[in-house]
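Report on one structure; see the data block that follows.
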Amino acid sequence: MTDSDIAFMQEALAEASSAAVAGEVPIGAVIVLDGRILARAGNRTIRDCDPTAHAEMIVLREAARVLDNYRLAGAALYVTVEPCSMCAGAMIQARIPRLVYGADDPKGGAARTCFQILSNPRLNHQVEITAGVLAAECAAVIQSFFAERR
């Protein structure tokens, strides 16, 4: 974990907070290449009526548009919560080399908690994973969101 990992995770947390204000599950993501943010988003599944509009999917799509290339070699994806299997699969397809995430997702995480998609040796691409960056802050955002709804 580096100072830049913390700084970029704080940017992802800002996106998660914006998603919460909009009534979305508060997960935020940013994609970084060469020290600059290419794309940023929070979850938009409700707003877009789209079950695939997870923060990770949105930033993967936007970064690919910015680079005019669906392969995101050299980029890092920062996300506040461990990605699900859909998002992990998209990361494989995009050839993201590095994932940095905050809180584990014990009910659906596909990086290391429930599944290990990103490091599966049978796949044609593996992703370096840095877990637990600002984990307490990331977990608090999502826990408080759901606590308010119960």
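Test A75 against the criterion of being over 11 Å from the mean Cα position of the chain (by Cα), open to solvent by less than 10 Å² (accessible area, probe 1.4 Å) and either under 15 Å from A131 (Cα atoms) or among the aromatic types (F, W, Y) (or both), and give yes or no.
The answer is no for A75.
Six or more apart or on different chains, Cβ under 9 Å: which pairs go from a residue in the stretch 42-56 that's outside any helix (DSSP H, G or I) to one that's of a type in the set (D, E)? Could you list them?
Taking only residues 6 or more apart or on different chains, the pairs are G42/E15; G42/E24; N43/E15; N43/E24; R44/E24; R44/D50; A53/E24.
Hey, could you check the stretch 40-65 for residues that are hydrophobic (A, V, I, L, M, F, W, C), within 20 Å of V141 (Cβ to Cβ) and in contact with a strand residue (DSSP E or B) (Cβ under 8 Å, 6 or more places away or on another chain) and say which is surrounded by the most Cβ atoms within 10 Å (Cβ to Cβ)? Before you say what the answer is, go through the steps one by one.
Within the stretch 40-65, the subset hydrophobic (A, V, I, L, M, F, W, C) is 41, 46, 49, 53, 55, 57-60, 63-64.
Retained after the next criterion (residues that are within 20 Å of V141 (Cβ to Cβ)): 41, 46, 53, 55, 57-59.
Still in the running and in contact with a strand residue (DSSP E or B) (Cβ under 8 Å, 6 or more places away or on another chain): 41, 55, 58-59.
Working: A41: 24, A55: 31, I58: 23, V59: 29.
Step by step, filter the stretch 40-65, then rank; the result is A55.
Within the stretch 78-104, which residues are touching a Ser or Thr at 6+ places or on another chain (Cβ under 6 Å) and either surrounded by fewer than 24 Cβ atoms within 10 Å (Cβ to Cβ) or over 22 Å from E137 (Cα atoms) (or both)?
D104
One line per residue, one yes/no per condition, for (1) touching a residue at least 40 places away in the same chain (Cβ under 8 Å); (2) assigned to a strand (DSSP E or B); (3) touching a helix residue (DSSP H, G or I) at 6+ places or on another chain (Cβ under 8 Å):
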{"residue": "G74", "(1), (2), (3)": "yes, no, no"}
{"residue": "M86", "(1), (2), (3)": "no, no, yes"}
{"residue": "A90", "(1), (2), (3)": "no, no, yes"}
{"residue": "G108", "(1), (2), (3)": "no, no, yes"}
{"residue": "I129", "(1), (2), (3)": "no, yes, yes"}
{"residue": "V133", "(1), (2), (3)": "yes, no, yes"}
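The values are calculated or read from the model by the stated rules, or taken from the named source; none is laboratory data. These numbers were taken from a predicted model, which means no experiment stands behind them. Don't worry about glycine lacking a Cβ; one is built from the backbone with ideal geometry, like all the others, and counts go over all protein chains shown. Just the protein is used for accessible areas: all its heavy atoms, side chains included, with ligands, DNA and RNA removed. Shrake-Rupley method; radii C 1.70, N 1.55, O 1.52, S 1.80 Å.
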